[in-house]
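Novice: Handing you a structure now.
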Amino acid sequence: MIFMDKIKLPIEGKLPNGWEIKYYTLMGKFYYWVRILGGDKRVKTGELQEADVKIIEDIPGGLVLKNTEIRDHLPETPLNSEIFEVAKNGAPIIKLGDGSKPRVMLTAGVHGNELPPQIAALNLVNDLNGKGLNGTVYVIPFTAPQASAQNSKLHEKDNLNLVADVPGTPTNTIVNVAGELKIDALADFHATSTHPAENSVIYLLDIKSSTMAVYINKKTNSRLLAHIYNPGTLIAAASNHNIPTILCEVESPDGLATESSIQYTYHQMKVFLEFHRVI
Ligand SMILES: [Zn+2]
């Protein structure tokens, strides 16, 4: 507990210092080994549930299938067709499970040209459809359907991962939806070609976040990185709503997807769900 007094809360634009990084990764590793040595038990799953596709109307929709890279990597399933239809009028949100806790959320497409997580999110929804879960999973595969349709990083000239604290932006809307749904943890999935340009998991300076991140780091070999605090990122804004969060990156060129990058980000998603013992 001696460290605890010395830990300062993150403030705007603040770089985490070396002690903070050591403390939070140490706590994450401690809980990881407690769990692994305890057997890392799986839970019994609930009743089979069909996916429920809803719409977040406050976010502008788009013709996501215009993005041929997304279209060409996805099988045609009735569920995918329904999701693309909904995306014309807003951001689709897919609920899997019966509403019980834990209630976790996965988001993709905050940057519309980062494609592997958006494709993997749909694969995940199809794979979990009709399965029994322990808890509830909400998936938002296209945070900004317009940007995904245009294969564009920006949504209406905005970098949505810098404006999540600005009312009316798609990322701010998602944080509010997550709050209304009483989400227990949120993971935001990106692809990266510049910074950090490697498979990684990024945590905020709190123990719930670093514990999730260390688990994903150990199970997927994603590099563990501390978040350079900016209040406009989706994970910072969610954290400011008391929702524990992490951000996962998969290395991939902008605007493209490969089978291996899709599988890697899919694996990160599954491990996030395993951490919460939803699957
Ligand atoms: Zn991104």
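The values are calculated or read from the model by the stated rules, or taken from the named source; none is laboratory data. Since this is a predicted model, take the numbers as computed values, not measurements. Glycine gets a Cβ as well: all are built from the backbone with ideal geometry, and neighbour counts include every protein chain shown.
Novice: Just to be sure I understand, how many residues within the range 175-216 are buried (at least 20 other Cβ atoms within 10 Å of the Cβ) and free of Cβ contacts under 8 Å to residues at least 24 places away in the same chain?
Specialist: So the count comes out to 0.
Novice: Pull up the range 154-168, narrow it to residues that are surrounded by 14 or more Cβ atoms within 10 Å (Cβ to Cβ) and away from the ligand (no atom under 15 Å from the Cβ), then point me to the one that is nearest to residue 237 (Cα to Cα).
Specialist: Here the residue is 165.
Novice: I'd like the full set of residues that are more than 16 Å from the ligand (Cβ to nearest atom) and either among the acidic types (Asp, Glu) or assigned to a loop (DSSP other than H, G, I, E, B) (or both), limited to the range 205-233.
Specialist: Across the range 205-233, the qualifying residues are 205, 206, 221, 229, 231.
Novice: How about the range 143-153: which of its residues are surrounded by fewer than 23 Cβ atoms within 10 Å (Cβ to Cβ), outside any helix (DSSP H, G or I) and away from the ligand (no atom under 11 Å from the Cβ)?
Specialist: Taking the range 143-153 as the starting set, the residues that turn out to be surrounded by fewer than 23 Cβ atoms within 10 Å (Cβ to Cβ) are 146, 149-153.
Those left that are additionally outside any helix (DSSP H, G or I): 151-153.
Result: 151, 152.
Novice: Look at residue 208 and say whether it is modelled with pLDDT of 95 or more, under 17 Å from residue 185 (Cα atoms) and among the charged types (D, E, K, R). Explain how you work it out, then say what you get.
Specialist: Details: modelled with pLDDT of 95 or more: yes; under 17 Å from residue 185 (Cα atoms): yes; among the charged types (D, E, K, R): yes.
Yes: the conditions hold for residue 208.
Novice: Under the condition of being of a type in the set (Gly, Ala, Ser) and in contact with a Pro (Cβ under 6 Å, 6 or more places away or on another chain), which residue from the range 92-123 is surrounded by the fewest Cβ atoms within 10 Å (Cβ to Cβ)?
Specialist: The selected residue is 121.
Novice: Could you tell me how many of the residues in the range 237-256 are crowded, with 24+ Cβ neighbours inside 10 Å, among the small types (Gly, Ala, Ser) and within 14 Å of the ligand (Cβ to nearest atom)?
Specialist: Going through the range 237-256 one residue at a time, the tally reaches 1.
Novice: Something else: Output yes when any residue across the range 235-251 is more than 17 Å from residue 203 (Cα to Cα) and either touching an Asp or Glu at 6+ places or on another chain (Cβ under 9 Å) or of a type in the set (A, V, I, L, M) (or both), and no when none is.
Specialist: First, pick out the residues of the range 235-251 that are more than 17 Å from residue 203 (Cα to Cα): 251.
Restricting the remaining residues to those that are either touching an Asp or Glu at 6+ places or on another chain (Cβ under 9 Å) or of a type in the set (A, V, I, L, M) (or both) gives 251.
Scanning the range 235-251, I find at least one residue that is more than 17 Å from residue 203 (Cα to Cα) and either touching an Asp or Glu at 6+ places or on another chain (Cβ under 9 Å) or of a type in the set (A, V, I, L, M) (or both), so the answer is yes.
Novice: Could you tell me which of the residues 178, 226, 238, 197 is under 17 Å from the mean Cα position of the chain (by Cα) and at pLDDT below 95?
Specialist: Answer to the check: 226.
Novice: Return the total of residues in the range 240-278 being touching a Lys or Arg at 6+ places or on another chain (Cβ under 7 Å) and of a type in the set (A, V, I, L, M, F, W, C).
Specialist: Within the range 240-278, residues that are touching a Lys or Arg at 6+ places or on another chain (Cβ under 7 Å) and of a type in the set (A, V, I, L, M, F, W, C) number 1.
Novice: Report the residue count in the range 257-279 for those that are surrounded by fewer than 20 Cβ atoms within 10 Å (Cβ to Cβ) and closer than 13 Å to residue 69 by Cα.
Specialist: Matching residues across the range 257-279 total 2.
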